[in-house]
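One structure is given here, and the rest of the page talks about it.
The values are calculated or read from the model by the stated rules, or taken from the named source; none is laboratory data. Since the structure is predicted, the reported quantities are computational estimates derived from the model, not experimental observations. Backbone-built Cβ (ideal geometry, glycine too); neighbour counts: all protein chains shown.
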Amino acid sequence: MEEKSECPTCGRNTLESSLTSLNIPYFSEIYLVKFHCPLCGYRISDFLNTRYGVPIRCTYEVKNEKELTARVIRAATGTIKIPELGTTIEPGPASQAFITNIEGVIIKILDIAETASKWVESEEEKKNCETAIEKIKKAKSGEIPFTLIIEDPFGNSMIIAKDQSKVSIKELTEEELQNLRTGGLMVFTPCNTDKNVEKE
Ligand SMILES: [Zn+2]
């Protein structure tokens, strides 16, 4: 499928797109969409899930190491939340879609927490970071159970587990949708454990 549309960078009508099925069993409706402008070199890719097309929340509980292999398809508009780790990954202006497994998501979070820990100044923040990092490491090795949630206003993101009946997929309410960020700042908060509220 090839059609040309307006390029967000150079404004000309030269943006090409292509659609490829990811070939995931039982999820033949998930595609990789690539956009490319041959004139200015702009390039971006995203996922398209034609099964839903409505705001959804996918929830998956990870109880052991085996469940870390579930696949995470995060479209550019998807927000990933892991409440037990106090972490939210929100879409940003240059937000990249990615496909990985749950372990891969945890590795990303660990990476960010470790970088953040080098920049904090106070002893208290440092301690918070260390505690957060310990917890993330335990999650990565399946030692502590946690919940991975993806919310997507366009229904393009998905969690795919060996046993798909364990993935809960629900439509978002109007109110939940309004609280969902679809662009703006990318926010990672692995070091802000539940204590950040009382700090004002
Ligand atoms: Zn262009």
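Those residues that are in a helix (DSSP H, G or I) and either within 27 Å of Thr59 (Cβ to Cβ) or touching a Lys or Arg at 6+ places or on another chain (Cβ under 8 Å) (or both), I need them from segment 115-128; list them, please. Write out each step before concluding.
First, pick out the residues of segment 115-128 that are in a helix (DSSP H, G or I): 115-119, 123-128.
Within segment 115-128, Ala116, Ser117, Asn128 meet the criteria.
Going by what's in this entry, would Leu39 be described as in the same structural domain as Val105 (by TED's automatic domain parsing) and either part of a loop (DSSP other than H, G, I, E, B) or not aromatic (Phe, Trp, Tyr) (or both)?
Working: in the same structural domain as Val105 (by TED's automatic domain parsing): no; either part of a loop (DSSP other than H, G, I, E, B) or not aromatic (Phe, Trp, Tyr) (or both): yes.
Here the answer is no, as Leu39 does not meet what is asked.
Against the condition more than 16 Å from the ligand (Cβ to nearest atom), surrounded by fewer than 18 Cβ atoms within 10 Å (Cβ to Cβ) and touching a residue at least 12 places away in the same chain (Cβ under 8 Å), how does Glu84 come out, does it pass? Outline the logic, then answer.
Working: more than 16 Å from the ligand (Cβ to nearest atom): yes; surrounded by fewer than 18 Cβ atoms within 10 Å (Cβ to Cβ): yes; touching a residue at least 12 places away in the same chain (Cβ under 8 Å): yes.
So Glu84 fits the description; yes.
Have a look at Lys126, Lys137 and point out the one that is without any contact (Cβ under 8 Å) to a residue 12 or more places away in the chain and surrounded by 14 or more Cβ atoms within 10 Å (Cβ to Cβ). Quick ask: steps written out before the conclusion?
Details: Lys137 fails: without any contact (Cβ under 8 Å) to a residue 12 or more places away in the chain.
Matching residue, one of Lys126, Lys137: Lys126.
Confirm whether Thr50 is in contact (Cβ under 8 Å) with a residue 40 or more places away in the chain and within 20 Å of the chain's Cα centre (by Cα). If you could, list the steps in order and put the result at the bottom.
Values: in contact (Cβ under 8 Å) with a residue 40 or more places away in the chain: no; within 20 Å of the chain's Cα centre (by Cα): yes.
No; evaluated as a whole, the condition is false for this residue.
Mind listing just one residue for me: the one in segment 1-56 that is within 16 Å of the ligand (Cβ to nearest atom) and among the aliphatic types (A, V, I, L, M) and, of those, farthest from Gly78 (Cα to Cα)?
Leu39
Could you list all residues from segment 145-184 that are of a type in the set (Val, Ile, Thr) and over 13 Å from the mean Cα position of the chain (by Cα)?
Keep residues of segment 145-184 that are of a type in the set (Val, Ile, Thr), which gives 147, 149-150, 159-160, 167, 169, 173, 182.
Residues satisfying the conditions are Thr147, Ile160, Val167, Ile169, Thr173.
One residue is enough: does segment 78-101 have a residue meeting the conditions among the acidic types (Asp, Glu), modelled with pLDDT under 90 and assigned to a loop (DSSP other than H, G, I, E, B)?
Going residue by residue through segment 78-101, those that are among the acidic types (Asp, Glu) are 84, 90.
If we keep only those that are modelled with pLDDT under 90 as well, we get 90.
Filter again for assigned to a loop (DSSP other than H, G, I, E, B), leaving 90.
Yes, segment 78-101 contains at least one residue that is among the acidic types (Asp, Glu), modelled with pLDDT under 90 and assigned to a loop (DSSP other than H, G, I, E, B).
Going by the structure shown, is Arg74 among the basic types (Lys, Arg) and not assigned by TED's automatic domain parsing to the domain that holds Glu143? Let's see the steps before the verdict.
On the way: among the basic types (Lys, Arg): yes; not assigned by TED's automatic domain parsing to the domain that holds Glu143: no.
The answer is no for Arg74.
When segment 140-169 is examined, which residues are found to be among the polar types (S, T, N, Q), closer than 24 Å to Glu90 by Cβ and in contact with a helix residue (DSSP H, G or I) (Cβ under 8 Å, 6 or more places away or on another chain)?
Going through segment 140-169, the residues among the polar types (S, T, N, Q) turn out to be 141, 147, 156-157, 164-165, 168.
With the extra rule that they be closer than 24 Å to Glu90 by Cβ, the set shrinks to 147, 156-157, 168.
Thr147, the sole residue that qualifies.
Could you say whether any residue in segment 188-196 is modelled with pLDDT of 90 or more and among the charged types (D, E, K, R)? Let's see the steps before the verdict.
In the first step, residues of segment 188-196 are kept if they are modelled with pLDDT of 90 or more; the result is none.
No: zero hits.
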